[in-house]
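The values are calculated or read from the model by the stated rules, or taken from the named source; none is laboratory data. Note that the structure is predicted; figures quoted are calculated from it, not measured. Cβ placement follows ideal geometry from the backbone for every residue including glycine, while neighbour counts extend to all protein chains displayed. For the accessible areas, the whole protein counts, side chains as well, though only heavy atoms, and no ligand, DNA or RNA atoms are used. Shrake-Rupley method; radii C 1.70, N 1.55, O 1.52, S 1.80 Å.
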Amino acid sequence: ERLWRITAAIAYAVSSAQVFEALVDRVYEAVGATSAGLWLVDEKSKPARLVRGLGYSDAVKHTFDSVPLDVAPSVPLVDSIRRKEPLWIRSQAELIERYPHLSTVVTKGRPYRVSCLPLVAHGRVLGTLALTIERAWDADEDEQDFLLLVAKYASQAIERLRLLDSERRSRAEADSAAVRLGVLSQASRAFVETDLDLASRLRAVVRELGAALSSCVGIALLQADGLLHTSAA
């Protein structure tokens with residue numbers, strides 16, 4: 001039933017915001033987490049960016065809003081991305097023991113465990129889903145299997161988004177190229193069909209370019225007196 005709620009929310013999500021909400025909010029509710037965050041990896045600059053988080057303080061969100069993958073010392077969400085492996089931290093004490101530099105951002109005395117689930121599609125890491133659950137003892141095998149299955153569905157949803165965005169960009173680039181080709185073709189025909197008279201041709205050039213660019217266009221030619229003279233505008 002918990003898995004159905006999550007997958008149904010993913011299935012009905014059509015925008016990035018809806019997908020992020022389905023992954024974070026529904027998983028947050030399903031496992032009774034006290035905080036949940038989805039970080040995605042940028043293909044160009046390579047930081048892990050927090051695209052949606054619940055239960056984090058403003059200070060934590062600000063600190064981990066964008067985390068370089070070469071950050072040193074490392075943090076759990078980055079380690080799960082680097083290793084392409086889920087990271088299970090059983091208690092706050094273990095978290096501080098393994099990552100002592102995080103002691104300044106944790107709330108002391110809270111009995112919780114942390115899970116970081118890398119999102120992987122076709123061997124490529126897309127990001128990680130991090131959860132804090134307010135129970136310090138080990139997650140049982142059923143819960144870990146459930147979270148790994150959730151990570152699989154989350155990976156598919158993020159990959160679907162990535163492919164959709166890529167398709168939209170490709171389509172927009174193709175449409176833009178077609179428009180540019182049409183403008184170039186029309187301008188070329190106008191230039192060729194114009195009288196061989198220089199003044200007529202220059203007027204045709206600025207007229208076509210002005211229409212194509214929705215701008216002011218002028219041509220100045222260097223004359224025998226050594227000065228530039230506006231020949232068409």
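Under a 5 Å amide H cut-off, with hydrogens placed 1.01 Å from N, residue 34 pairs with 132, 133, 134 among residues at least 5 apart or on other chains.
Rank these by accessible area, largest first, 1.4 Å probe: 117, 228. The partial results should precede the final answer.
Values: 117 0, 228 120 Å².
From most accessible down to least: 228, 117.
May I ask for the percentage of alpha-carbon pairs in region 47-141 that lie more than 16 Å from each other? Cα-Cα pairs of region 47-141 separated by over 16 Å account for 57 percent. A simple spin-label model places pseudo-atoms 7 Å from Cα toward Cβ; at residue 5 and residue 29 they are separated by 0.5 nm.
The local environment of residue 167, defined by Cβ-Cβ distances under 12 Å, has a net charge of +3 under the rule Lys, Arg +1 and Asp, Glu -1.
Quick one: length gained pulling residue 222 to residue 107 fully straight, 0.36 nm per residue minus the C-alpha distance?
33.9 nm
Specify the residue with the greatest mean-square fluctuation among 162, 171, 207, computed from a Gaussian network of the chain linking alpha-carbon atoms under 10 Å apart. Comparing 162, 171, 207 in the GNM, the peak value goes to 207. Residues in the chain average 59 Å² of solvent-accessible surface per residue, probe 1.4 Å, ligands and nucleic acids excluded. Modelled spin labels at residue 183 and residue 49, positioned 7 Å past Cα toward Cβ, are 2.8 nm from each other. Taking amide hydrogens as placed 1.01 Å from N in the peptide plane, the amide H of residue 127 sits under 5 Å from those of 41, 119, each at least 5 positions away in sequence or on another chain. Which one is right for this structure if Cα extents along the principal axes in Å is calculated from it: (1) 53, 44, 31; (2) 89, 40, 29; (3) 72, 45, 35? Structure-derived value, by its label: (2).
The share of accessible area on region 79-193 that comes from carbon and sulfur is 54 percent, using a 1.4 angstrom probe. Just checking the listed ones, 157, 11, 212: in the Gaussian network model of the chain with Cα springs under 10 Å, the one fluctuating most is 212. Heavy-atom accessible area for residue 21, with the other protein chains in place and a 1.4 Å probe, reaches approximately 70 Å².
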